[in-house]
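What follows is a single structure, written as structure tokens, with notes after it.
The values are calculated or read from the model by the stated rules, or taken from the named source; none is laboratory data. Source: prediction; values computed, not measured. Cβ: placed from backbone, ideal geometry, glycine included. Neighbour counts: every protein chain shown. To get the accessible areas, we keep the full protein, side chains included, count just its heavy atoms, and leave off ligands, DNA and RNA. Shrake-Rupley method; radii C 1.70, N 1.55, O 1.52, S 1.80 Å.
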Amino acid sequence: RELVKMAKLSCAVALAFGLGRETSAFTQVSGTASTSTSTANARNMQLAAANPLPAIKSAVKSNPSILPVAAAATAATFGVKFILDRPSRKYEEGSVAREYDAWTQDGILEYYWGEHIHLGYYNKEEMEAGYKKKNFIQAKYDFVDEMMKLGGISAEADSDAKVLDVGCGVGGTSRYLAKSLGPNADVTGITLSPNQVKRATELAEEQNVPNAKFTVMNALAMDFPDNTFDVVWACESGEHMPDKKAYIDEMMRVLKPGGKFVMATWCQRDDREVPFSAKDERDLRFLYEEWTHPYFISIEKYKELIDDTGLMNEVTTADWNEQTIASWRHSVWVGVYDPRGFIFKPNKYLKCVRDAYCLERMHRAFDRGLMQYGMFAVTKKE
């Protein structure tokens, strides 16, 4: 019984450091560890996780014989945290294509996130009801719908539009736009990942979406002539761009006069008035280097880059952190509830743990205002 108690406590401690301190998390852990677990026991685990060392000390004091187990549990918890806090996928030449090739090939990301490799949208009512009650995949479709509204993109206005999806992933949004705008629209998705292009093309053929096509191309040096597209769409691709100015300049260049531009991207807060603290710098460095990001910039800086092109009308900006923040923890919980996406791939266990840990670190960075979810909509001058 004492060993079982310590095992439960160790799980709670690990969750506290790795997956956050949500009450429901520890209720789930305590509820599945033993059929006789009580509500009081679950509450004790929550307290233990929030402040683990006193809890472990108390358990050892009540039964000194479990001291070796307690010591091992404590050392293991801090050891794992030490390893996870050291980022493993630093940005370098070719790293973005390599990582997305790997994510596409192992299938885990697609299993849980579906065709859309971006955050979902949760309205106020859904958040009040509990974000885990919403279908995780549907949240992503809702995000695309809301992004279309922000950009003024619709079947009525853009039924024959030429659309560019910059950083298309496995083409979920490209195909959705092609279907939504109608058969006369033409959607092109670009990505650095050959595996993503292959998978996106397969899905387009399976779903009979001939007006969506995909190609490997560098967004910082696109092959398209000036003024090619009626709509340029960029969803969560700016994070991976090593030159944000070239990224913006190229998208503005290929957009037709009068064309619509809409972008969603993770941003760090503007530090010009309140400089980053040492903790801020450490947290940002982890977020850069764990998921192969060169760096982030602020919403304000992106707006300045758009304005500096001299090609665009007034930019609409927004921070959709409140509408998207649930995605980080929701994505962890879909894996907890349904482990079939990774359970038979033991060589991916460490990667999955690292990704879950980074998702929690992302949540905390957005929750405390270090990160913001930047949204941008603007038209090109005639």
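Just a yes or no: is a residue in segment 194-212 at pLDDT 95 or above and assigned to a strand (DSSP E or B)? Working first, answer last.
We begin by selecting, within segment 194-212, every residue at pLDDT 95 or above; these are 194-212.
Going one step further and asking which of them are assigned to a strand (DSSP E or B), we end up with 212.
The answer is yes, given that some residue of segment 194-212 is at pLDDT 95 or above and assigned to a strand (DSSP E or B).
From the list E273, E239, E250, the one residue that fits, being over 22 Å from the mean Cα position of the chain (by Cα) and surrounded by 20 or more Cβ atoms within 10 Å (Cβ to Cβ), is E250.
What are the residues in segment 307-336 that are more than 19 Å from the chain's Cα centre (by Cα) and either of a type outside the set (A, V, I, L, M) or open to solvent by less than 40 Å² (accessible area, probe 1.4 Å) (or both), if any?
Taking segment 307-336 as the starting set, the residues that turn out to be more than 19 Å from the chain's Cα centre (by Cα) are 307-317.
Across segment 307-336, the qualifying residues are D307, D308, T309, G310, M312, N313, E314, V315, T316, T317.
Considering every residue within segment 67-78, establish whether at least one is of a type in the set (F, W, Y) and either modelled with pLDDT of 95 or more or in contact with a strand residue (DSSP E or B) (Cβ under 6 Å, 6 or more places away or on another chain) (or both). The answer is no; no qualifying residue exists. For first residues located in segment 352-371 and in contact (Cβ under 8 Å) with a residue 60 or more places away in the chain and closer than 25 Å to F342 by Cα, partners that are surrounded by fewer than 18 Cβ atoms within 10 Å (Cβ to Cβ) and hydroxyl-bearing (S, T, Y) and lie 6+ apart or on another chain with Cβ distances below 8 Å form the pairs R354/S88. If you go through segment 88-102, how many residues are open to solvent by less than 50 Å² (accessible area, probe 1.4 Å) and either modelled with pLDDT under 85 or charged (D, E, K, R) (or both)? The total comes to 3.
I'd like the full set of residues that are touching a residue at least 40 places away in the same chain (Cβ under 8 Å), open to solvent by less than 40 Å² (accessible area, probe 1.4 Å) and in a helix (DSSP H, G or I), limited to segment 103-116. Before the answer, list the steps.
Of the residues in segment 103-116, the ones touching a residue at least 40 places away in the same chain (Cβ under 8 Å) are 104-108, 110-116.
The next check asks that each one be open to solvent by less than 40 Å² (accessible area, probe 1.4 Å); those that pass are 104, 106-108, 112-114, 116.
T104, D106, I108, Y112, W113, listed by residue number.
A count restricted to segment 284-307 and to residues that are out of contact with any strand residue (DSSP E or B) (no Cβ under 9 Å at 6 or more places or on another chain) and touching a residue at least 60 places away in the same chain (Cβ under 8 Å) stands at 9.
Scan segment 117-162 for residues that are assigned to a helix (DSSP H, G or I) and either touching a His at 6+ places or on another chain (Cβ under 8 Å) or open to solvent by 60 Å² or more (accessible area, probe 1.4 Å) (or both) and the total you get is 18.
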